[in-house]
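The values are calculated or read from the model by the stated rules, or taken from the named source; none is laboratory data. Quantities reported herein were computed from a predicted structural model and do not represent experimental measurements. FYI the Cβ positions are ideal-geometry reconstructions off the backbone, even for glycines, and counts take in every protein chain you see.
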Amino acid sequence: MTAAPPLLAMAGIEKAFPGVRALRGVDLELAAGEVLALLGENGAGKSTLIKVLGGAHAADAGSLAIDGRPTAFRSPQDARAAGIAVIHQEFTLVPGLTPPENIFLGQETARAGFVDRGAERRRAADLFARLGVTIDLDAPCSRLSTAQQQLVEIAKALAFEPRIIVMDEPTAALTPAEVARLFEIIGELKSRGIAVIYVSHRLEEIFTIADRVVVLRDGRNVGGAPIDRLDRTGLIALMVGRDLADEYPRRQVAVGPPRLAVRGLCRGRAVRDVSFEVHAGEILALAGLVGAGRTETLRLIFGADRRDSGDILLDGRRLDIRSPRDAIAAGIGLLTEDRKLEGLVLGRSVRENFALPNLGRLSRLGFVEAGRERRAFGRHVDQLRIKVPHQEERARNLSGGNQQKVVLAKWLERNCEVLFFDEPTRGIDVGARHEIYLLMNDLAARGKAIVMVSSELPEVLGMADRILVLHDGRVTGEIANGPGVTQEQIMQLAVA
Amino acid sequence: MSAALRRLLSDYGMLAVLLLLGLVFSGLTLEEQSSRGDAAARRMAASIRRDSPERPRVLVAVRGTPEDGLFAESLRRELDTAGAEVVDVVQGEPQAARAALEKIAQAGGRLDAVAATQTTGSWLVFSELATDFPALGTPRIVVPTSRRWPNFLKSDNLLNIANQIAVIAIMAIGMTMVIITGGIDLSVGSLAALSAVLAARLVRDHAGGVEASAGGMLAACLGAIAVCGLVGGLSGTLITLCGIPPFIVTLAMMLVASGLAYIASAGQSIYQIPESFVWLGRGSDLFGLPNAVVLMVVLYGLAHVLMSRTTLGRYLYAVGGNREAARLSGVPVRRVLLFAYVASGLLAGLGGVIMASQLKSGSPTYGTMYELYVIAAVVVGGTALAGGEGKILGTLIGAFIIAVIQNGMNLTNIESYTQKVVLGLVILAAVLADRLRRPAS
C-alpha cells in the first residue's frame, strides 16, 4: 500500500541574494494536521524559507509539491490559491480598517463593483465564532489589542480555507493567557486537518505545541525529529553546532576599573530591569535573539528612547541622560544597528557626516573651519583606510564596510570613552570585518569601554571578554569568555 | 570634467535655464534703439563740427513730443558747445520744417546740417531738400546712431525685474530653509499681509501718522516683523512639540494671520504714513540700484554663508536629510526646526514691510497667493520638496526665472491670463528638467 504523499514537500530549495546565500538546499516535509516547529538562529534562513513558501520570493532552485503535485508559486496569490497562508511577525493589517474589511482585503465579495458588506460581516463573525472568540467587528484595527489583532490575522488566514498556516513568532507580543488561547486555537486547527508551521525561539512553547521539529542552520535543514525524541540540549546543539571557522584577532586583555554602570533599566516590556557594568579596556557582548532587548538597552543608555526607570553612571557619577545629545556630551557613542537608516545622512558628503557630532570642536563662533574639518577627516581616512575618491563623495555611494568606517570615524573624533557597537559587521565583507575587529581591539587597548551587540555567536565568542545574555528584556546570564565557553551555553541562556 | 566642476553645474543647473530664457527674450525683443540722450547729442555735434571748417549752421528738427523736446535742448546745448550756430529749432510736423527751411533760404546763407531724430530725419522735406531749396546748398542730415539692442536687456528693464521679484525672493530665503528641513510653510503670504498692515497701523496710530519720524517708522516695521517671527515660532513649536504635520500647521496659521490682518485693518487699506516711508520700496540710493534689490542681495549673501559655512547650516541639511540619524548624532533637532520656521516668519514679515513701502500703504489683501510663487521659486531653483538638499543661491535663480518669464511675457505683449498658464507650465518643465538631470537616487 503506497503511503499518501505528504501535504507539503519542499526539496533542495535554494535562494541567494546579493552577497549572501540564504538557503542552500533545504528539504522539508509536512503532513496534514501536523504542527511543525521551525527553529534556527538569526540568519539561519527561516524568514527566507517562509517567504519562498508564501510566494513572496521565487526559489532559485529546488522543487515544491502539494499533495505530491509539483507546483511553482509566482506570487503570493498563487501560494494562497494553493492553500498556504502566512501570518507574519509584523502584522499586515491596515490600521484604519475594520476586521471584516481587513480580512477580505484584496478578495472582497462584490457585486458589480459594490462591496457586499453584510455578507463580509457575516462571514467574519462566523470565522471568529469558530475560533471561539468575540471581536468588535466595527472597530478599526488600530484600536484592538495586539492579541486581538493577531486573531484578526488568523481569521484572515482562515478566510479562504487554507490547508497550511505558517505562524512566524506568533507569541512575541502576547501574555501567557493569550498564548494559552492561541494554543487552543492551534489545537482546533489541527483537528480540522490544517497543518501549522510554527516558527519561534521559545523552546518551552515548542515543547508544548509542536509535534515535530526541524532545525535550520546556515541555510540548510540540519535535522528534524518528532518532539518526544528531543530535549533542550539536543535542540540547542542542532541550532548552533558549527565550528569557529572565522579568525578573530588576538589581543592582550587588560581590564581596568568599571567605567559605565547601568542599574535597573526599564522600558515597557522591551527592557525589564537590566543592570550591568562595563570596565575600561573591556569588550562586553550583549547576546540574545532578536527581540531580546539588546538594541533597546543600548538605545536607552544613549538617550535615544526614554527610559521608564533606571540609573546610568559613568565613572561613578550619575548621568542625567534625556537625549542623545546628553549621552554624546558625556562621552558615549553609538554605532547603530542600521547605519543607512540611523547612522548616516546618505544624501550628504562623507565629510559632513563625519563632522556632524563634532561640529562643536571643528567650528569657531558658529562658522565651520573647513580646513580643520578636512584635515581631521583626512586623518581618519588614512587611519581607518576608508576608500573614498574624495571627501565630497555622497555617503550613499560607499560600500557597507566603508560606510561603517565613516560612522566609526565620527565617534573616534569625539574621543568617546564608551562605545556601543550594534551589529558592527552586519552586511560587511570579510576583509572589512577583520579591520573593524582590529579597530575594536585597539580601542579597548586604549582603555575604552566597549559594548557590542551581535547576533553572530562566533563573533561574540571571538571578540568579547564578557558575555551578557538577554532574553525577553531580561538578563538571563553572564559568562566570562574563555576557551571552554561554547555557543550552546550562550544559546541556552538566550532561549531561556 | 573635474568632480568639483560637475558638482557646481549640478547644484546650480537652473542657471543654464535662466540664461537660456534671457537669451530667448533678448531675441524676441530685439529692436532698433535710437539714442536720445546727451551722449548721442554730443556725438552728433562732434560729427557736424568735424565736417565743417568754419562755424557750421545747423537746423534742429524734432517732433513735438516732450522726449524729443528734451533731445532738442540737448542738441542745442551740445551744438553750442561744439561751436556750431543753431539757426532754428523745429518741434512739430514736416510743415513746420518746410516753413523753417523757407525762412532760412529767404534770409540767405547756407545750411550745413540738419540735426534730427531717426523719425524726423526721414521726412520727405529733408530728402528732397536739395531739389526744393537749392539755395541752401547740400546740408547733411545728421541723425543719432542707432543700434539693435533687446528691450529686455535695457538696464531699466533688468532693474525692474529685480525690483519686482525682491519681495518674493526675500521670502523665499526662509522658505528654502524650511523646505530643506523637510517641511513647508504655507503661511508666508498671509504673514506678509499681516506685517504690512501692522507696520502701517503702528505708524498711523503710534508713530505719528503722516508726521512719523524715521525712528518711529523703523520701530513700527521692526515690531511688525517681530510679530511675524513669533507666529513662525508658534508654527515651529506646534510642529516640533505636538508632531502636527507642517502642512496643516502652516495652513491654519495662514488663515489665522490673514484674518488678523483683516481685523487689524478693519478691512481697509491703511495709508496715513509719511512719504519718506517709500524709501525702502521705491528708493534707489546705491549707484541707482533699488534699495529693495540691494537688501535682497545682502540677505542672500548672508543666507548663503549661513547655509554653506556655519554649524547651523549643516544641522538644517542633516535634519532634512535624515532626522533620526541627525538626532542620534547629537543634533538639536527641535531647535533647528524652530529656527527654520521663525526665520521664515521673520522674512515673510520683512517682505510685507517692503510691500507696504512700495505701495505706501498696508492692506490685508497684500501677498495673496504669494506662498505659491515663493514655493515655486524654491522648487524651480533646485531644492527638493522632500528636504535634505538645495542651495540658497539656487532659490535666487529660481525667483529670477519666474520674474524673467513674467517680464518677458509683458514685453512681448502676451496677455495676463495666458501668462498664468505659461508660468505654470514653465515651472513644471523646470522641475522635470531638474529631475531628469539628477541621477535617480
Inset, instruction - Give the range A:325-370 a look and list any residue that's farther than 27 Å from A:Arg426 by Cα and facing another protein chain (nearest Cβ under 7 Å), or say none. - result: A:Leu359, A:Ser363, A:Gly366, A:Phe367, A:Val368
Inset, instruction - Working carefully through the options B:Thr368, B:Thr383, find the one that is under 26 Å from the mean Cα position of the chain (by Cα), in the same structural domain as B:Asn163 (by TED's automatic domain parsing), within 29 Å of B:Val210 (Cα to Cα) and in a loop (DSSP other than H, G, I, E, B). - result: B:Thr368
Legend entry - Residue tally, condition among the aliphatic types (A, V, I, L, M) and over 18 Å from A:Thr295 (Cβ atoms), over the range A:450-471: 1
Legend entry - Residue that is surrounded by fewer than 20 Cβ atoms within 10 Å (Cβ to Cβ), closer than 30 Å to A:Leu443 by Cβ and either in contact with a Gly (Cβ under 6 Å, 6 or more places away or on another chain) or within 14 Å of chain B (Cβ to nearest Cβ) (or both), where the choices are A:Arg251, A:Arg306, A:Arg294, A:Arg317: A:Arg306
Inset, instruction - Inspect the range A:221-232 for any residue being touching a residue at least 24 places away in the same chain (Cβ under 8 Å) and within 30 Å of A:His279 (Cα to Cα) and give the result as yes or no. - result: no
Inset, instruction - Report yes if some residue within the range B:235-243 is assigned by TED's automatic domain parsing to the domain that holds B:Val342, farther than 23 Å from B:Ala384 by Cα and of a type in the set (Ser, Thr, Tyr); otherwise report no. - result: yes
Inset, instruction - For A:Ile206, indicate whether it is of a type outside the set (Lys, Arg), modelled with pLDDT under 85 and not in a strand (DSSP E or B). - result: no
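Please tell me if A:Thr98 is closer than 30 Å to A:Leu203 by Cβ and among the β-branched types (Val, Ile, Thr). Lay out the reasoning, then the answer.
Values: closer than 30 Å to A:Leu203 by Cβ: no; among the β-branched types (Val, Ile, Thr): yes.
The answer is no for A:Thr98.
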Legend entry - strands (runs of 3 or more DSSP E) contained entirely in the range A:43-153, each with at least 2 residues that are more than 30 Å from A:Val222 (Cα to Cα): none
Inset, instruction - Can you give me the ranges of the helices (runs of 4 or more DSSP H) entirely in the range B:42-125 with at least 2 residues that are crowded, with 20+ Cβ neighbours inside 10 Å? - result: B:66-82, B:94-107
Inset, instruction - Among the residues of the range A:48-65, write down those that are among the hydrophobic types (A, V, I, L, M, F, W, C) and surrounded by fewer than 19 Cβ atoms within 10 Å (Cβ to Cβ). - result: A:Ala56, A:Ala58, A:Ala61, A:Ala65
Inset, instruction - Go through the range A:131-155 and count every residue that is loosely packed, with under 14 Cβ neighbours inside 10 Å and more than 12 Å from A:Glu101 (Cα to Cα). - result: 7
Legend entry - Members of the range A:387-408 found to be within 14 Å of chain B (Cβ to nearest Cβ) and either farther than 23 Å from A:Ala285 by Cβ or surrounded by fewer than 20 Cβ atoms within 10 Å (Cβ to Cβ) (or both), listed by number: A:Val388, A:Pro389, A:His390, A:Gln391, A:Glu392, A:Glu393, A:Arg394, A:Ala395, A:Arg396, A:Asn397, A:Val406
Inset, instruction - Kindly list, by first and then second residue, each pair from a residue in the range A:161-190 that is under 20 Å from A:Arg123 (Cα atoms) and assigned by TED's automatic domain parsing to the domain that holds A:Val35 to a residue that is part of a loop (DSSP other than H, G, I, E, B) and among the hydrophobic types (A, V, I, L, M, F, W, C), limited to pairs with Cβ atoms under 8 Å and residues at least 6 apart or on different chains. - result: A:Pro162/A:Ile194; A:Arg163/A:Leu7; A:Arg163/A:Ala32; A:Arg163/A:Ile194; A:Ile165/A:Ile194
Inset, instruction - Check whether at least one residue in the range B:133-147 is more than 23 Å from B:Glu73 (Cβ to Cβ) and buried (at least 17 other Cβ atoms within 10 Å of the Cβ), and report yes or no. - result: yes
Legend entry - Residue in the range B:282-341 that is farthest from B:Gly232 (Cα to Cα), counting only those that are away from chain A (no Cβ under 14 Å) and aromatic (Phe, Trp, Tyr): B:Phe287
Inset, instruction - Would you mind finding the one in A:Arg474, A:Arg394 that is in contact with a strand residue (DSSP E or B) (Cβ under 8 Å, 6 or more places away or on another chain), more than 26 Å from A:Gly291 (Cα to Cα) and touching a residue at least 12 places away in the same chain (Cβ under 8 Å)? - result: A:Arg394
Legend entry - Selection within the range A:322-341 - among the aliphatic types (A, V, I, L, M) and within 18 Å of A:Arg414 (Cα to Cα): A:Ala327, A:Ile328, A:Ala329, A:Ala330, A:Ile332, A:Leu334, A:Leu335
Inset, instruction - Could you list all residues from the range A:97-121 that are more than 34 Å from the chain's Cα centre (by Cα), surrounded by 13 or more Cβ atoms within 10 Å (Cβ to Cβ) and charged (D, E, K, R)? - result: A:Asp116, A:Arg117, A:Glu120, A:Arg121
